[in-house]
Structures are given as C-alpha cells and as structure tokens.
Amino acid sequence: MSELIIGNFISCLLGTAASPHGMQLLSRCIGILIRLHPHCIISGRRMVNTVASELPSVVIKNAIENIPKSPQDSRGYRGLVLGNDLKVLLISDPATEKAAAALDVHIGCMMDPWKLQGLAHFLEHMLFMGTEKYPEENAFEKYVSEHGGQYNAYTCEEHTNYHFDVAADYLETSLDRFAQFFIAPLLTESSTEREVNAVNSEHENNLTSDSRRLDHLSRTTGDPKHDFNKFGTGSKATLWFNPLKEGVRVREELLKFHDTYYSSNIMCLVVIGKESLDALTEMVGGMFSLVPNKHVVIPHWKDAPFKTEHFKTQLNVVPVKDIRSLNIVWNIPDLHTFYKSKPGHYLGSLVGHEGPGSLLSALKTKGWSNTLHAGEDDGANGFQFFVVGVDLTEEGLKHTDEIVTMVFEYLNLLRDAGPQERIWREEQKIQELKFRFRDKEKPIGYARGLAATMQKYAIPEVLTGPVLLSEYQPETITDLLSHLTPDKLRISILSKSFKDVTMQKEPIYGIDYALKPIPEGVIKAWSDAGQSSVVSLPPPNEFIPEHFELLSAPENTQRLPALIRKTDFGRLWYLQDVVHKLPKAVAFFELCSPTVYRDPIHANMAHLFVELFRDSINEVVYMAELSGMKYLIEQSKYGLTLSVRGYDDKLDVLLKILMDKLVHFKPDLNRFNVLKEVYGRQLKNFFATEPNRQSTWYFNVLMSEICFTKEALMETLNDLTYEKFSAMAPDLFKDVYVEGFVFGNVSRKKAESFLEEVESSLRSVNAKPIAPVDRMRLVKLAEGSELVYHRENEVHKSSSVTTYYQCAFENPRMNMLLELFEQITNEPCFDILRTKEQLGYIVFSQVKNVSGVLGLQVLVQSHKSPEHVDERIESFLREMQPFVAALTDAEFATHVEALAVRRLEKPKTIAQQATKFWNEIYVRQYNFDRDATEVAELRKLTKEDLNGFITEYLLPGGKQRKKFTIHITSTVPADAVSRKRPSVDMEGTDSEETGDDDSEDDIEMAQSAELPPPGDIVSPVKTGNKCDAIRDIEHFKKKMGFHPVPPVYIDIDTVLPDQ
C-alpha cells in the first residue's frame, strides 16, 4: 500500500474523528496500518497534500531493537519513536500476571505560572477526572480497580509521571482509557472546584513534614525570580482564592497548561504486557499517535537558583519534629553529561562512606552524630546540587562549625589523594554485578521508573545508562571537587533550640527561622582546614562476591518450604529456589526470648540493645552492604529477628560475623547515652505523628493481648541506666527458642550449616533451649459492640477516624468474603468519601488479619469532625449492599477474577518470595499454600454469599456485627470547622480525653508534644445499641476475652528426609 493510499484512507476518517467513536475508529485503523506495515514512516509533512493538516503525525519514525539488557532478563524490549515524536519503550513479558504502563511528561511544577503555583500538580489530579471519550469522573480508576489494578501519579520539578497496572488480559482497554488523559481530558468546572480541595488537603497533610518544610524554605531563600523558588504542591490559596480575586478562571488555566505543555514530543511512554512486541506496537501506535505534537522545547535553566548573594549563609530552622540536623548544600553543574563515569556517585559514596576511616566514624567517635548522607541531588535540566546531611546529637549541636571543618578536611583528603581508579573500578564491578543479576521488579514500579529514565537517556541506553560505569574520567571528579568550597556553600541547621531566637516566619508552611550570613572568620577557618589524621580512604572491599554458580534443580523439586532440621533449640525450614535463577539467597532467624517483652523496662532494654548493636556493627557490615548483601535485625514482642540476604557466595560469612558479635555484644557507655536520648525523643514525638498513624498504634494497645503504652515506656526509660542495661542485656540469650528459614540458591547442607552457626553462637554464651513461644492473641469483641476510643492531636489540622469491624476467626471462606468486599468497594470508598464528599485526602479501606482474626478497616483523615466522618462511613457501608446487589453476574465475576489475579501474582524477587514464606512461619501458621487455597474458595462465592456477609457482619443490627472506632481529634484552630470534640453522653457521664498506644515495630515519629493526661477511656457511639462505657483498657480486655491462638495448617514436627 503506498503512502498516498494510506493518506487518502486516513483522510476519509477525519470527518468522524471529532467524536469519541470517530477517534476510536481512527485509532483502530492506525493500529491496523501499523500491523500491516510496522516499519513504514508517514509524516504529516510528506502527506500534506493528501491528509488534513490537523492530523497528527502517525505510525513509527524509528524502531530500536536489541536494547542491551541483563543476561538474566528474558523479557523482550523494543523502543519506538512515533510519528508525533512520542518516545516509547515496549516490554513483552509472556509470563506476567500484571500489565503496566507509565507516561512521563517532561514538564513539572517549575513551569507553573507565578500567579498559579501548584498548577502542574493540580492538573495531575484533574486528568483522572474524566475525558471526552470516557466522561465518567472516575471512569479510569473504576475500570482499573475492577480489573485488579492500581494507579497513581506524581509531579516534581520538571516531570509529571502517570502510571498504573492491571490484570494482564485488560491492558489494551485500560491503555485506551489512559491515552485519553493526554488527548482530550474534560477538566470540568465542577470537578475543578472539588479537586482543588483534595490538593489543599494534600498540602495541609504535608505541613508538618520537616523534609518538605526545609526544602521549601531552601527554595524561597534563593533567587526569588528563579523557577526553583515556586511552591510546587499548591494550595487552595494559590490555586483558587488568590486567582479568583484577580479574575483568573482556574479551569481555563488548566486547559491552557495542558494545551501548551502536554505535547507528545516531550513524553516518554513505557508499556509492559504479555503480548508480543508486534502486538504491543500495534496497540500503542494506534492510541498514542493521536497525542498532539506541539513541538515544545524542554525547559533548560542556565543559571542555578542560588547566586553569590545566597552563598555563605546559614538557616537556623525550628522543626516540627524534635530533630537536630546539619545540611550543607552547594550548586554544581548538571552532571548528566557524565553519566558514563558518574563523578557525583563516586564523590558521594566516599563522603557518605560509613566504614573504617570514614567521616561518619570520626563524627561518631566524637559523639557528634549518628548518621550521615552525601551525594548529588537532582535540581533540574541545567543545574544540580551536592548535599552533605548530618544528624546531630545534643553535643553535636554545640559543634556545628567544627563538623563543617571536618567535612572540608575530608574533602581536602580527596583533593590531595586525587581520583582513585582502584575505588572507581571497584564500584564499576559492583554495578556490573548489580546489572547482571538484577532482580525483576513489579511491573508498575518498573514502568514508572523507566518512563522517567527515558527522559535522560537515549532509548538504547535506558537500561544500562543509570547503572553501569563505562568510562573512567578522573578530570570530572576533580572538577566536581572544585565546586565544593567554603565560599559557595549554604548551611541549614534544624533544632528546637532555635524556637525563641528565630526572627522570621515563612508564610506558606509557617516555618520559624532565621537567615544570617556566616562570619568571614568562620569561612576562612574552613578554607584553612587542611587534613585530618583520623580519616582515610576506604580499604578494598573483601565482600564482593566471586562465585555465581547456580545449583542444579533437585530431582524431586519442592514447591513449598519444608522442615529440614529440628533440634533442641528449634526448627529450620528450607526451600531451594528454582524460579528466579539468580545466585542469591535469604536467611531468617528468629531468636525468641521471654526477656524481650517481660515488662516496659525490658522492652526498652531490648529496643536499645538492637539500636546499639546496629550502631556498633555498622563499620563491619557496611562493606558487605555496598557489595550487594544486606542484614536486618529487629525487635518484636517475642524476641529478635536477624535476617541476611544477597549474593549467596559469602552470605554465610556475613551471618557468622553477625551472630558472633550479637551474642557477645557489650555497648559503649557514650553510645548508650547518645542513643538513649534519641529513643526518648522518638517516644515523645509519637504524639505528634499524623493522626491516621496514631490510630494504628492505638489499635495495638486496645486490641493486643499485651502492648505497653508509650507513657509506660517513657517512664521506665528514665530509670534505665547503663548499669541496669548491662546487667539485663545478657538475659536476652539466657533462654532461647529458634525458628529459621533459608531460601534461594543454597543447598540443604549449607542451609543446615546456617542453623548450626546460630546454635553454636548461642551455646557459646550458655543459652538454654526453651519450648516454642506462643503468639499473642487479639481481643474478642462482644457481639453488638459499638465502641469508640478518643484521643486529641495538637499538631495536625486534620482529624482521623479508623473504623474496625471485627468479623471472625480466620478461615479461607471468611477471608475471601472480606477481600472480595474490599475489592468491590475499594474504589467506591475512595470515590464517594474522598472525591465526592470531600472528607479528606487520605481515604482507604483494607482487610486486617491480626493474630488470625479477620476484620475490615476503613480509615479517613479529615478536617471534618470525627463524629460526622464516622456517620458518613456508616452511610457508605449501607449504600454498598444495594451496590453489590446491583452488580451483574458478569461484573461480579470480573471482580472475583481481579482478586484472584492479585492474590496469585508471583513475588518478583527472591527476597519478596522469601519474605512471603517467612511471614507464614513468623505468625506460626505455616500456610505456605495460602493463596491457592483461598482463591479456590473465592471462586465458589456468589453474590448472595457476599450480601449475606454484609448484612450479618457490617450493617447495624447484624447478628455478628462488632464495631470499634478510634477518633483522633485535632485541636488546631481552623476557620471552616470547629475541631473541639463534643462530649459523648453515656448514661449521664461525659467521656474524658485520654489514651494509650504502642506497637513493637520500628518507631518513626514527629514533633514533640506535651503528653496527654493519663487514663483510658473507651466510649460508645450512639447507634441505638446498648453498650457500657469502658474506662479502663485492661479491664476492657479481661471483660471481652481473647480469640484463640491462630491455627497451624501443616505438620510442623516431621522432618523431610534428606535425599
């Protein structure tokens, strides 16, 4: 077929292309032409006499085959440049259960109009709100959700990235909906007025994030005319109220921004599907050739945002959290040109090194810091930054100038030593191994990352460019070092101690700060820093693996973990990996000890023991971590869990080092005092975490058999001296039960040697084996319970409601009923409560399986009163019964299969698969084939079964309904809604504010706040059901009782015979 015939054929369709049906027909025809002539080139210029001028360039300008990839990667890759200059990477993976796509637009918040800051982010939200072809406001979200998928987007300085995944059979129909975002979005007036509230809620949710606050303050204290200065998130003030005052129509500005910048020539698309590359080519070409090419020039900023007048300055900032940190920033050139040598990576890895002789080691020796990070930081096209960040101890805060001096002493060491080819080659080898044995990622994450990467690298290098080092260019390292001088730095220090001495307030985040010049005498002292004798270049890395042989598959391949060793100390489970075909392995060992959670002071001791051990072992294991091996040690209510993962070659060496040092560990007094102070701040800071996160902790306190409150931990921490700690710590290994699991490219014999190493270490300190330790139970709520627990939050503007409906003890049918309900109602929950009712930015529902007890949780973080939100959640659940009843048989079957696909999706990495199996061991249920068993039960369910479940377990009056709600009420003043919690009268008694919390997991906190008054109040919501007020949590637990310990699903005593 000649180009003239093709052109005339397409011209005949243009008359109908204005309608959604016509656009669909045009898209299909273009796809057919691509299938018939995949290598033809049809440009609008060459067909100007036969095709209307408004026709976008179509088909394919260029196809790139044989894209270099990892030898272990069996997927097919093809790059395309469409006729409209849209760049595409297609990935064919016949084995994938999920398809995915991501599109990155090379425009971000730095192109916001100055009078509409946040517009790019606002547009990102709005593209999900309906298109001309699919006008229903939540059409895309609904379709993807119904077919087992998820979706999201983000906006940064110069990129906006949209991404989703879906069950593999539904890629084409989902992709068609996705493509319309970039062809013909509606951006209706009504959705604009509502969605601006979601953007504002997102902004207010970020108000207490210290990282965002510091980033924003850094921007706004630079060049006020530079685009980097803009407020990228946006708020209702910048996107609605202020524009309206000036007569600006926000919807028109959204349309204008989309029409101006959403151009195919600055878009990069990644599509992953099970189809062949030719089928994907046809699919993508037919849809995305219709994205208009406006020939946008990618923005470039020749000037950095910080000029001479912004150098040699210090920001003293009052944080929200009780944290202390020092940050040093320099302007540097855009280093992307040197991606083959990566000088920023080289320099960052040395300054941020944590091994012997490192800058961090010197700072820790002085007691001034616990952590340090360094490296290049993306700015935008044309400029970057180099950053050194140091957390500060109390003593370190007094010596910030000396810390900066030590930074320059280390930089001077690097200058005098010059670029070290030995170190560069070592990193080159590590990165080559990383690329060669790269783990497979989840499709959505892989697509999202590659779409952004394509903006920086040519298609043939999109897989190799970000990872491999191929050209040693020492001059680029030397040049980069020349920019890191005292006369070009900016410093920021965060500390609560600045609260009474700051002079300025930033208006958007309300940040208290002071900006002052650094005295010239200090600058001169840094310039004259010289070198230090206590720091040195890192030694050669002896942990880099050398052997990568894969084990042969055994004759009788095991599909699930098997018990291969049972000793006095415990059990060892094992499975050889025959799927991923990588020289990697994972080993978990739980060292159960009754000492760990005996009482609050022992819980504090165990937590500090873990933190101190991590701190002490850091230098030793850091080199192993650089070479691709990782370790993790965690405290739980039951003991300590130690895991190692990475290349199997030297994994046993790492485990031996860790176990030997663990059982013989004796902490340093100075480090004890430093880390005890850090832990104390973390405990206090809990009371200023986000309301939705607080409610999760309170759930543990209220519902777990034993869970110590933060107040109890804080009180006993003060009594935990170094002497008491040293006397208590050896008891951790006095009585021990061990449960282990080894998975990967490891033989049975070697796996058994891992357990032998663990037991040998324990015996060396005279540990005694004990019986297996039972898991703690969950409170069994009484039928008809209608309970609410109240707490106040003085930091965040939002309140939070977490509603928990306890259903039944675990069984496959009940689990599938719950998960199917959540599958069907998850998107309506978000659409109704978040989008339509505008209750808040954070809205979700999920199934909870805690201690073998199943339940449904709905969480909303909102500016509206908890009582109102609670009522709206109840209303939503009532609406869901007729919603489910109205589903057609086909729609119901679609949801069933979507859930089945999600449950049966295979873990992508050895570590993910190992963790999934380990979770079954950790909860002592050993239901290794859980997914297959439960999906088989899922496929038996009917719509009547589900509606019966809703009636019985979720709706008021249901025989098995048991509801528990946690209200976190904001006391921060707000203009729109009063946040003072009204009293709940129960038989003439007002409820009182109080509370507890706790969980044993890692603690991530926010700002310090005054502690609430002691006491425990759990009160009823007025729902018509009689419920006595409960004023004491321990009494409440005793009255309710507990569910039994979760069931064991397999034989856990018979050892698999050695073949």
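The values are calculated or read from the model by the stated rules, or taken from the named source; none is laboratory data. Bear in mind the structure is a predicted one, so any value in this text is a computation, not a measurement. Here Cβ is always computed from backbone atoms with ideal geometry, including for glycine, and neighbour counts include all displayed protein chains.
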Can you confirm whether GLY357 is over 31 Å from the mean Cα position of the chain (by Cα) and assigned by TED's automatic domain parsing to the domain that holds LEU411? yes
Selected residue (criterion: surrounded by the most Cβ atoms within 10 Å (Cβ to Cβ)) from residues of the range 1019-1059 that are within 19 Å of ALA712 (Cα to Cα) and either at pLDDT below 80 or hydrophobic (A, V, I, L, M, F, W, C) (or both): ILE1033
For residues in the range 169-192 being touching a helix residue (DSSP H, G or I) at 6+ places or on another chain (Cβ under 8 Å) and either without any contact (Cβ under 8 Å) to a residue 24 or more places away in the chain or among the aliphatic types (A, V, I, L, M) (or both), which is nearest to VAL248 (Cα to Cα)? LEU187
Per the list (1) among the charged types (D, E, K, R); (2) under 24 Å from THR131 (Cα atoms); (3) not assigned by TED's automatic domain parsing to the domain that holds MET126, residue check on ASP303 breaks on (2)
Could you tell me how many of the residues in the range 426-441 are in contact with a strand residue (DSSP E or B) (Cβ under 9 Å, 6 or more places away or on another chain), part of a loop (DSSP other than H, G, I, E, B) and surrounded by fewer than 19 Cβ atoms within 10 Å (Cβ to Cβ)? 1
If only one of SER145, SER218 is at pLDDT below 95 and either in a helix (DSSP H, G or I) or more than 28 Å from ASP512 (Cβ to Cβ) (or both), which one is it? SER145
Could you pull out every one of the helices (runs of 4 or more DSSP H) wholly within the range 643-717 that has 2 or more residues that are touching a residue at least 40 places away in the same chain (Cβ under 8 Å) and closer than 24 Å to ASN205 by Cβ? 669-685, 691-703
Residue under question is GLU471, and the condition is that it be out of contact with any Cys (no Cβ under 7 Å at 6 or more places or on another chain), assigned to a loop (DSSP other than H, G, I, E, B) and among the acidic types (Asp, Glu); does it hold? yes
Determine which member of the set ILE523, ILE518 is among the aliphatic types (A, V, I, L, M), surrounded by 15 or more Cβ atoms within 10 Å (Cβ to Cβ), closer than 18 Å to ILE403 by Cα and in contact with a helix residue (DSSP H, G or I) (Cβ under 6 Å, 6 or more places away or on another chain). ILE523
It is to be established whether one or more residues within the range 844-858 are modelled with pLDDT under 90 and among the hydroxyl-bearing types (Ser, Thr, Tyr). no
Against the definition (touching a residue at least 12 places away in the same chain (Cβ under 8 Å), part of a strand (DSSP E or B) and either assigned by TED's automatic domain parsing to the domain that holds THR131 or over 18 Å from GLU124 (Cα atoms) (or both)), how does PHE164 come out, yes or no? yes
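Looking at THR233, THR260, THR238, THR220, can you tell me which residue is surrounded by fewer than 16 Cβ atoms within 10 Å (Cβ to Cβ), of a type in the set (Ser, Thr, Tyr), closer than 18 Å to PRO113 by Cα and touching a residue at least 24 places away in the same chain (Cβ under 8 Å)? Outline the logic, then answer.
Numbers: THR233 fails: surrounded by fewer than 16 Cβ atoms within 10 Å (Cβ to Cβ); THR238 fails: surrounded by fewer than 16 Cβ atoms within 10 Å (Cβ to Cβ); THR220 fails: surrounded by fewer than 16 Cβ atoms within 10 Å (Cβ to Cβ).
The match here is THR260.
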Among the numbered conditions (1) modelled with pLDDT under 95; (2) in the same structural domain as THR173 (by TED's automatic domain parsing), tell me where GLU275 comes up short. (1)
Exactly one of (1) of a type outside the set (A, V, I, L, M, F, W, C); (2) surrounded by 16 or more Cβ atoms within 10 Å (Cβ to Cβ); (3) under 24 Å from the mean Cα position of the chain (by Cα) is unmet by GLN420. Its number? (3)
Matching residues, the range 877-899, being part of a helix (DSSP H, G or I) and either among the acidic types (Asp, Glu) or free of Cβ contacts under 8 Å to residues at least 40 places away in the same chain (or both): GLU879, PRO882, ASP889, ALA890, GLU891, ALA893, GLU897
Considering every residue within the range 803-813, establish whether at least one is over 30 Å from PRO561 (Cα atoms), in a strand (DSSP E or B) and either under 26 Å from the mean Cα position of the chain (by Cα) or basic (Lys, Arg) (or both). yes
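Can we say PHE830 is over 22 Å from VAL199 (Cβ atoms), part of a helix (DSSP H, G or I) and not assigned by TED's automatic domain parsing to the domain that holds VAL196?
no
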Regarding LEU480, is this residue touching a residue at least 12 places away in the same chain (Cβ under 8 Å), in a loop (DSSP other than H, G, I, E, B) and crowded, with 17+ Cβ neighbours inside 10 Å? no
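Got a sec? Which of LEU787, LEU732, LEU781 is buried (at least 21 other Cβ atoms within 10 Å of the Cβ), of a type in the set (A, V, I, L, M, F, W, C) and within 27 Å of ARG645 (Cα to Cα)?
LEU732
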